[in-house]
Structures are given as C-alpha cells and as structure tokens.
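The values are calculated or read from the model by the stated rules, or taken from the named source; none is laboratory data. Just so it is clear, the model here is predicted, and its values are computed rather than measured. For neighbour counting, all protein chains shown are included, and Cβ atoms are generated from backbone atoms with ideal geometry for every residue, glycine included.
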Amino acid sequence: MSEPHFQRVALIGLGLIGSSIGWAAKRSGAAGEIVGYARSAETRETARRLGFCDTVTESAAAAANGADLVILCVPVGACGAVAAEIASYLKPGAIVSDVGSVKAAVIEAVAPHIPSGVHLVPGHPIAGTEHSGPESGFAELFDDRWCILTPPEHGDEAATHALTAFWESLGAKVTQMDAPHHDLVLAVTSHVPHAIAYTMVGVADDLARVTDREVIAFSAAGFRDFTRIAASDPVMWRDVFLANREATLDILGRFQEELFVLRRAIRTGDAQYLQDYFTHTRAIRRGIIDAGQDTPAPDFGRRNAGTTR
Ligand code: NAP
C-alpha cells in the first residue's frame, strides 16, 4: 500500500472502467476514499454490494462535491452533460479527468463547464474487455497497459503529474499526446478495427447459405476474435464513431484502398504480393508481442476478462 495520491476520488460511471479503477485504487491505496455514482439505481446497488467504492452517492454532484480527483467513466457522448451537472460542486484545485476513448470531442464538450481554478486533464486507459457493467471490472485491468493523457497546452503541470502518478499506481504506463493525434492513433489501432469486426460479423449474419449453427460450430480463430470484438458495448461504440468521425472516416478510406489492392491480388493470383503483404503484417504482430502489449498464446484475448478483480 502506498500513500494516497488523492484524499477523495470520485468515479462518475461505475461500469467496466469505473469499477476497475475502484478495484485498482483499493489494491494500491492510491485514494484515501473512493466515492462513486452511477445513473441507474441497479448499478449503484451492485456497486455497494461489490465494494469497489467506499461510498456510493445518489447524484453525480454529491460524488464530485469535495473530491480532489473526479474521473468521468461514462460513454463519450454523456461526458458534457455530466460535467455540466457537477461543475458548481467542484472544489478549487480539483482535477477533472475522464477515460473516454475519443479525446477532442470530449474536451470540446467538457472544457466549457470547468470552473477556473479546476484543472481538466483528460485521459484514456488503453485497456478493456468486451464486457461492460459494474460486475465486469477487475484490479489488474490496467497493469502494464498504456494510459494516454491529453492535457491542454498551457494546463497545470502539477495536475498532470499528480494524475500520472495516480495511473502509475493503478499499474499503468502513462504517456501524453495532443488530443487530435490521440484520436488518429486510436482510429488506426482500435476504432477502425472495431468497425471492421462489426461489419464482418454482420456479413456472416447476412450469408443465408451459412447457417447460424455452422457459423458457431466452425468458427475459426479469426471469426471468433471478430465476434468477441463485435460483442462490445453498443452505446460506447456508437458514441466513439460519432465523436471520432473525421479520423475514423480517414482511416476507413485507407482501409478500403488496401482492401481493393488485396482483392486484386487474390483475383489475379499474385502470390508474391500476398506473401509479401502477410510477411509484413506478421512482423507488426511480432512487434506488438515484443512490446509486451499481448502474448503469443492463442487465448483470443480472454485471459483477464472478468476472472479476477
Ligand atoms: P460501461 O461498462 O457500459 O459503463 C458505463 C457507465 O456509465 C455505467 O455506470 C452507466 O450507468 C453510465 N452511463 C451510461 N450512460 C450514461 C449517461 N447518459 N449519463 C450518465 N451515466 C451514464 O462502459 P465502460 O466500458 O466502463 O466505458 C466507460 C468509458 O470508458 C467510455 O467513455 C469508453 O469510451 C471508455 N473506455 C472503455 C473501454 C472498454 O474497453 N470498455 C476502454 C477504454 C476506455 P448505468 O450502469 O447506471 O447505466
């Protein structure tokens, strides 16, 4: 147990990410007190039962009141409304952060509500599973994963340092980017891959000649991975694409161009092109494993999902 980095940490939204922050902060002692709020009475009740918050309040304002760090753990499209709700309860010197998968749109929605003397330091932990809700969180979710902070250009450096130390104590590695760059990087590494997975599962669903039973029984690893990704929370992903429209469309356009070339190589029997292309992509995969961001084990990314807290 380390000394708390913040006396009172408020988590607004108690799903996968909110509950995992709660568990990880309890594991490390990074927060003196963890206060949580979720929109539905059901989630608040579940959070009380599970115990990853010390207190669960009946309003977002009550959770934010007096907090040194407030983290918005709600879907990207809800961040602005939540910020408006808590704004007048934020104490001077408090830090407001978030975990949203898109940064520029969240900053645009949240920043206008932040009173002067309160520091906005947006963040995005690059860690997750396809599960959602308060039961899905676990303390190890952020271990050795990156958390990207996108502090404003002339923001308070001490606030960014304090938030960096907090995420490090949750097990994460922390880096900084500007928000538009973050959104482009994530469009490549996460948002477009999700769009492709959603589409591929939709395609299989459309193929009347392949029955449901066959799709399930003969799911090879590739399709099974797609179905796992395509099982992610619909509201979260709806908001991601709406909020990161430009970067997603840009990368989807490039994807379509590559796909056309690949199609042509298959149609014309260009064996050399196909082999070179797949050799190159294999090297990218090796790079991800070498960087410690995945393992070579064929576990389809499920090793942590919902197993421990
Ligand atoms: P989640 O498990 O679905 O939890 C979302 C939480 O937000 C729930 O407590 C929900 O309340 C609350 N909420 C939903 N809509 C709301 C609204 N309109 N107003 C107020 N509260 C609302 O989602 P999550 O996976 O933790 O994702 C939360 C954030 O983390 C998102 O911004 C997402 O982009 C980001 N993120 C997700 C992942 C991932 O892999 N899942 C990874 C990194 C970052 P109720 O339970 O009461 O409905």
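Scanning segment 25-38 for residues that are within 18 Å of the chain's Cα centre (by Cα) and either closer than 19 Å to Ala162 by Cα or among the acidic types (Asp, Glu) (or both) returns a single hit, Ala25.
For segment 66-80, the candidate set comprises residues that are over 21 Å from Thr175 (Cβ atoms) and in contact with a strand residue (DSSP E or B) (Cβ under 7 Å, 6 or more places away or on another chain); within that set, the residue that is nearest to the ligand (Cβ to nearest atom) is Val74. The criterion of at least 2 residues that are surrounded by 17 or more Cβ atoms within 10 Å (Cβ to Cβ) and within 16 Å of the ligand (Cβ to nearest atom) is met by the following helices (runs of 4 or more DSSP H) wholly inside segment 178-291: 179-186, 192-206, 221-230, 234-243, 245-268. Restricting to segment 56-80, and then to whatever is in contact with a Gly (Cβ under 7 Å, 6 or more places away or on another chain) and outside any helix (DSSP H, G or I), can you tell me which residue is surrounded by the most Cβ atoms within 10 Å (Cβ to Cβ)? Among those residues, the one meeting the criterion is Leu72.
Of all residues in segment 248-255, none satisfies being farther than 30 Å from Asp143 by Cα and more than 24 Å from the chain's Cα centre (by Cα). Restricting attention to segment 5-24, the residues that are more than 16 Å from Gly123 (Cα to Cα), over 16 Å from the mean Cα position of the chain (by Cα) and not charged (D, E, K, R) total 4.
Can you say whether Ala47 is near the ligand (Cβ under 8 Å from one of its atoms) and either at pLDDT 95 or above or over 20 Å from Ala179 (Cβ atoms) (or both), as far as the supplied structure shows? Against the criterion (near the ligand (Cβ under 8 Å from one of its atoms) and either at pLDDT 95 or above or over 20 Å from Ala179 (Cβ atoms) (or both)), Ala47 does not qualify.
Is it the case, given these coordinates, that Ala172 is outside the structural domain of Ile251 (by TED's automatic domain parsing) and either closer than 25 Å to Ser20 by Cα or buried (at least 19 other Cβ atoms within 10 Å of the Cβ) (or both)? In short, yes. Taking segment 2-55 as the range and being out of contact with any helix residue (DSSP H, G or I) (no Cβ under 7 Å at 6 or more places or on another chain), surrounded by fewer than 24 Cβ atoms within 10 Å (Cβ to Cβ), outside any helix (DSSP H, G or I) and of a type outside the set (Val, Ile, Thr) as the test, the residues that pass are Glu3, Pro4, Gln7, Arg8, Gly29, Gly32, Glu33, Arg39, Ser40, Gly51, Asp54.
Residue check: Ser232 meets all listed conditions (1) at pLDDT 95 or above; (2) touching a His at 6+ places or on another chain (Cβ under 8 Å) but one, namely (1).
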